[in-house]
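Asks: Here it is: the structure, laid out below.
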Amino acid sequence: QVARKDFSAKDLHNSDLKGVAIQDGKFNSSSFRGSDFSGSDLTNSSFKWCDLREVRFDGANLSRVKFIGADLRNASFTASILDRADFNQCELSGVSFDNLTLTGTIFDQARVKGTSFRNATLRNVSFETDVKKAIFDHATMDKITYATLKSYGANLTGVTVI
């Protein structure tokens with residue numbers, strides 16, 4: 001566990017931060033471009049208005065993390081936990097959320113052009129944004145998430161409703 005919790009307004013690009021445990025941390029307005037948070041526990045932390053391009057969050061616990069307004073292009077979330085994570089106003093173009101289970105995750109006003117949710121399970125996920133170019137191939141989702149995505153014109157061919 002790291003004692004320091006506020007890493008705001010720092011330039012920490014290309015940092016090796018694998019396995020850190022920083023719950024309730026503040027990383028606002030910082031640059032982490034190219035950094036590696038794989039296997040970290042960042043529960044309830046905030047990454048507001050950060051440069052998170054090419055960051056690896058593989059296997060990280062990102063429950064209740066606020067990524068408000070962050071640039072996450074080419075970030076990796078393989079096997080990460082994103083329960084109730086908030087991606088409001090984030091740049092997520094081309095990001096993969098394939099094979100993840102997303103519960104209560106928020107993508108409101110996020111840019112999701114080319115963002116992939118292939119084989120993902122979506123429960124109570126909020127998408128108040130343009131989802132026409134997002135990829136939901138073989139995803140599984142609850143009825144409310146499905147109805148919302150359908151109303152926004154998402155291509156839901158091959159989606160399973162639970």
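The values are calculated or read from the model by the stated rules, or taken from the named source; none is laboratory data. Bear in mind that the values here come from a model prediction, so they are computed numbers and not experimental data. Cβ sites come from the backbone with ideal geometry, for glycine too, and all protein chains shown count toward neighbours. All accessible areas refer to the heavy atoms of the entire protein, side chains included, with ligands and DNA or RNA removed. Shrake-Rupley method; radii C 1.70, N 1.55, O 1.52, S 1.80 Å.
Asks: Show the residue pairs meeting these rules: Cβ distance below 7 Å; 6+ apart or different chains; first residue within the range 132-144 and within 13 Å of Thr157 (Cβ to Cβ) and open to solvent by 60 Å² or more (accessible area, probe 1.4 Å); second residue part of a loop (DSSP other than H, G, I, E, B) and polar (S, T, N, Q).
Replies: Listed pairs, sorted by first residue: His138/Asn119.
Asks: Give the range 101-124 a look and list any residue that's in a loop (DSSP other than H, G, I, E, B) and open to solvent by 10 Å² or more (accessible area, probe 1.4 Å), or say none. Write out each step before concluding.
Replies: Let us first name the residues in the range 101-124 that are in a loop (DSSP other than H, G, I, E, B), namely 104-105, 107-110, 112-115, 117-120, 124.
Hits for the range 101-124 are Gly104, Asp108, Gln109, Lys113, Gly114, Arg118, Asn119, Asn124.
Asks: Let me ask another. Anything in the range 1-52 that is open to solvent by 70 Å² or more (accessible area, probe 1.4 Å) and of a type in the set (Ser, Thr, Tyr)? List them, or say none.
Replies: Ser29
Asks: A further question on this structure: Within the range 145-162, can you find the residues that are open to solvent by 40 Å² or more (accessible area, probe 1.4 Å), out of contact with any strand residue (DSSP E or B) (no Cβ under 7 Å at 6 or more places or on another chain) and not in a loop (DSSP other than H, G, I, E, B)?
Replies: Ala147, Thr148, Lys150, Ser151
Asks: So Arg73 passes all but one of these: (1) over 20 Å from Trp49 (Cβ atoms); (2) assigned to a loop (DSSP other than H, G, I, E, B). Which condition number does it fail?
Replies: Exception for Arg73: condition (1).
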